[in-house]
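**Student:** Take this structure first; my questions come after.
The values are calculated or read from the model by the stated rules, or taken from the named source; none is laboratory data. The model shown is predicted, which means the values in this text are computed figures rather than measured ones. Cβ sites come from the backbone with ideal geometry, for glycine too, and all protein chains shown count toward neighbours. SASA here: full protein model, heavy atoms, side chains in, ligands and nucleic acids out. Shrake-Rupley method; radii C 1.70, N 1.55, O 1.52, S 1.80 Å.
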Amino acid sequence: MTENTMRLSGDGLDIELPVYEGSVGPKVIDVRHLYGETGYFTYDPGYKSTASCESSITYIDGEAGILLYRGYPIEELADNSDFMEVCYLLLFGELPNRAEKEKFIHDITYHTMLHEQLKNFFNGFRRDAHPMAIMVGVVGALAAFYHDSTDISDPHQRMVASYRLIAKMPTIAAMAYKYSLGQPFLYPRNDCSYAGNFLRMTFGVPCEDYQINPILEQAMDLIFMLHADHEQNASTSTVRLAGSSGANPFACIAAGIACLWGPAHGGANEACLKMLQEIGTVDSIPQFIERAKDKNDPFRLMGFGHRVYKNFDPRAKVLRKMAHKVLAELGVETPLLEVAMELEAIARSDEYFIEKKLYPNVDFYSGIILNAMGFPTTMFTVLFALARTSGWIAQWEEMIEDPTQGIGRPRQLYKGAKKREFVPIGRR
Ligand code: CMC
């Protein structure tokens, strides 16, 4: 970090604040000692101008539409790599060589089974429970089953917990789906790929062999890769904040899943598909565009806009191609893709969307692919959580190893009542 300073003066103050430069991206002003030295807090609700940590994992240039995992552009990883390699890259900082990759895949594969008693947790849920509710509960419950990997001061235990979480998420996600259908759970099989195994556990049944379609396996793997990490987004920051108190990794990931569920974050792909279905035909698009532009209407075009990308989300570009491939493979004739393409074209030529730099994001196309593959909309965010677990874990591990990170404890601009006397109930 190159150090420089910046002067802050006014309101009786005149102090120098350190300024740091990362390898790329905006410089940051270090305000850690501002309160101690001046009695002032900074105010940044929603963290629009705040770097909460130092990180070497993922870099986004929102203006240019660039996403790098450990320096590698997402498009190059999408074309040449796979999800297991990406997990390794996020966790360890470098792409694995052949032997390292084989060992990693072996270690992940041999952690995919769940403790048998965890089945009882599923049985406690209503059959119509949202699978994200099940995920939050079951992932949090893992801490009660894997005591030997909850000591966060032990690097080996942290690594075992990381492998367990990445390995068991597909099993948990598939079980959540099977439970909603009333079908028996399928155990993982060690001769399948990570994505193939997940498809088999989700769509297979114990009474017959499940043939994994290689195109769908590739599409699934690609969706996992594209969702693996995304810098300090809401759920990742939640995982870091939960972890900053010393909470065990299973609890932290459960917190991340809870945050991801919201429609402004991971829940957007579910909301986006519902919106495309509601629009239904190309003719209805203009009326939805008008609603999205109307300040008095809370409706937003789902799958458009991003806190960081003020350009085309590079993940959406990759998925757009894959959407065509999957629909062609499955022979699915759906008006959804046509509506999506037209909506994208109209929104991209509309002054409102141009001026506000609202471009399609990753969720715009992922829903179409997942829908064609047979996933119900309630499973979309679950798949996001499954993939993002690798990024959450890498970010959590980075935070634990960072000596400058203490417990996360934001302050506030208090606007409530000043100290006042208690009023007994008879006098209120
Ligand atoms: N449709 C219509 N108007 C929009 C949209 C949209 N999708 N997104 C933002 N705007 C408008 C918004 O009304 C505001 O207008 P004004 O300045 O006149 O008040 C302006 O654009 C800026 O919006 P913002 O809410 O301040 O921007 P933000 O950076 O806080 O929000 C967002 C980012 C993703 C929450 C938002 O764009 C949104 O709600 N999009 C739809 C939901 C969605 O697709 N989310 C998935 C995000 S990608 C997946 C992930 O990483 O989790």
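**Student:** I'm checking my understanding of the structure. Among residues of the range 394-428 that are part of a helix (DSSP H, G or I) and over 13 Å from SER244 (Cα atoms), which one is most open to solvent (accessible area, probe 1.4 Å)?
**Tutor:** Among those residues, the one meeting the criterion is ARG427.
**Student:** Follow-up question, since we're still on this one. Within the range 270-301, take every residue that is in contact with a Pro (Cβ under 8 Å, 6 or more places away or on another chain) and modelled with pLDDT under 90 and give me the one that is nearest to the ligand (Cβ to nearest atom).
**Tutor:** Per the stated criteria, the residue is ALA271.
**Student:** Which pairs turn up if I take residues in the range 290-302 that are within 20 Å of GLY267 (Cα to Cα) and look for partners that are more than 7 Å from the ligand (Cβ to nearest atom) and part of a loop (DSSP other than H, G, I, E, B) with beta carbon separation below 8 Å, at least 6 apart in sequence or on another chain?
**Tutor:** Once the first residue is within 20 Å of GLY267 (Cα to Cα) and sits in the range 290-302, its partners that are more than 7 Å from the ligand (Cβ to nearest atom) and part of a loop (DSSP other than H, G, I, E, B) give ALA292/PHE299.
**Student:** Kindly indicate whether any position in the range 303-317 is surrounded by 21 or more Cβ atoms within 10 Å (Cβ to Cβ) and away from the ligand (no atom under 13 Å from the Cβ).
**Tutor:** no
**Student:** Here is a further query. Looking at the range 293-375, what helices (runs of 4 or more DSSP H) fall wholly within it and have at least 3 residues that are touching a Phe, Trp or Tyr at 6+ places or on another chain (Cβ under 7 Å) and among the hydrophobic types (A, V, I, L, M, F, W, C)?
**Tutor:** Ranges flagged: 314-330.
The rows are residues; the columns are (1) touching a Cys at 6+ places or on another chain (Cβ under 9 Å); (2) within 13 Å of the ligand (Cβ to nearest atom); (3) within 24 Å of ALA251 (Cα to Cα).
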{"site": "PRO335", "(1), (2), (3)": "no, no, no"}
{"site": "ILE354", "(1), (2), (3)": "no, yes, no"}
{"site": "LYS357", "(1), (2), (3)": "no, yes, no"}
{"site": "ILE369", "(1), (2), (3)": "no, no, no"}
{"site": "SER390", "(1), (2), (3)": "yes, no, yes"}
{"site": "TRP396", "(1), (2), (3)": "yes, no, yes"}
{"site": "ASP402", "(1), (2), (3)": "yes, no, yes"}
{"site": "ARG428", "(1), (2), (3)": "no, no, no"}
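**Student:** Search the range 252-270 for residues that are in contact (Cβ under 8 Å) with a residue 24 or more places away in the chain and pair each with any residue that is open to solvent by 20 Å² or more (accessible area, probe 1.4 Å) and near the ligand (Cβ under 8 Å from one of its atoms) when their beta-carbon atoms are under 6 Å apart and the residues are at least 6 apart or on different chains.
**Tutor:** Close Cβ pairs (under 6 Å, with a partner that is open to solvent by 20 Å² or more (accessible area, probe 1.4 Å) and near the ligand (Cβ under 8 Å from one of its atoms)) amount to CYS259/ALA234; PRO263/ALA271; HIS265/ALA234; ALA268/MET302.
**Student:** Test of understanding: among LYS178, LYS168, which residue is part of a helix (DSSP H, G or I), surrounded by fewer than 21 Cβ atoms within 10 Å (Cβ to Cβ) and not hydrophobic (A, V, I, L, M, F, W, C)?
**Tutor:** Testing whether each residue is part of a helix (DSSP H, G or I), surrounded by fewer than 21 Cβ atoms within 10 Å (Cβ to Cβ) and not hydrophobic (A, V, I, L, M, F, W, C) leaves just LYS178.
**Student:** I would also like to ask the following. Regarding the range 128-135, can at least one residue be identified that is modelled with pLDDT of 95 or more and under 18 Å from MET225 (Cα atoms)?
**Tutor:** No, the conditions are met nowhere in the range 128-135.
**Student:** I'd like to verify a number: residues in the range 35-88 that are farther than 19 Å from MET225 by Cβ and in contact with a strand residue (DSSP E or B) (Cβ under 7 Å, 6 or more places away or on another chain), how many?
**Tutor:** 3
**Student:** Let me ask another. Find the residue count for the range 45-60, including only residues that are more than 20 Å from TRP392 (Cα to Cα) and either in contact (Cβ under 8 Å) with a residue 12 or more places away in the chain or within 11 Å of the ligand (Cβ to nearest atom) (or both).
**Tutor:** 2
**Student:** Another question, if that's okay. For the range 227-250, which positions are open to solvent by 10 Å² or more (accessible area, probe 1.4 Å) and under 20 Å from HIS130 (Cβ atoms)?
**Tutor:** ALA234, THR238
**Student:** If you scan the range 256-270, which residues turn out to be over 20 Å from PRO170 (Cβ atoms) and open to solvent by 30 Å² or more (accessible area, probe 1.4 Å)?
**Tutor:** CYS259, PRO263, ALA264, HIS265
**Student:** Kindly provide the set of residues from the range 271-291 that are of a type outside the set (Val, Ile, Thr), out of contact with any Asp or Glu (no Cβ under 9 Å at 6 or more places or on another chain) and crowded, with 17+ Cβ neighbours inside 10 Å, ordered by number.
**Tutor:** Result: MET275, LEU276.
**Student:** Let me ask something else about it. How many residues, within the range 220-269, are in a helix (DSSP H, G or I) and within 11 Å of the ligand (Cβ to nearest atom)?
**Tutor:** Final tally of qualifying residues: 8.
**Student:** Can you tell which of LEU343, LEU337, LEU358 is within 24 Å of ASN213 (Cα to Cα), buried (at least 17 other Cβ atoms within 10 Å of the Cβ) and in contact (Cβ under 8 Å) with a residue 12 or more places away in the chain?
**Tutor:** The unique qualifying residue is LEU337.
**Student:** Being over 23 Å from PHE380 (Cβ atoms), open to solvent by 70 Å² or more (accessible area, probe 1.4 Å) and in a helix (DSSP H, G or I) narrows it down to one of GLU94, GLU100, GLU85, so name that one.
**Tutor:** When all the criteria are applied, what remains is GLU100.
**Student:** Still on this model: What number of residues within the range 113-159 satisfy the criterion of being free of Cβ contacts under 8 Å to residues at least 60 places away in the same chain, open to solvent by less than 30 Å² (accessible area, probe 1.4 Å) and touching an Asp or Glu at 6+ places or on another chain (Cβ under 8 Å)?
**Tutor:** Counting residues in the range 113-159 that are free of Cβ contacts under 8 Å to residues at least 60 places away in the same chain, open to solvent by less than 30 Å² (accessible area, probe 1.4 Å) and touching an Asp or Glu at 6+ places or on another chain (Cβ under 8 Å) gives 0.
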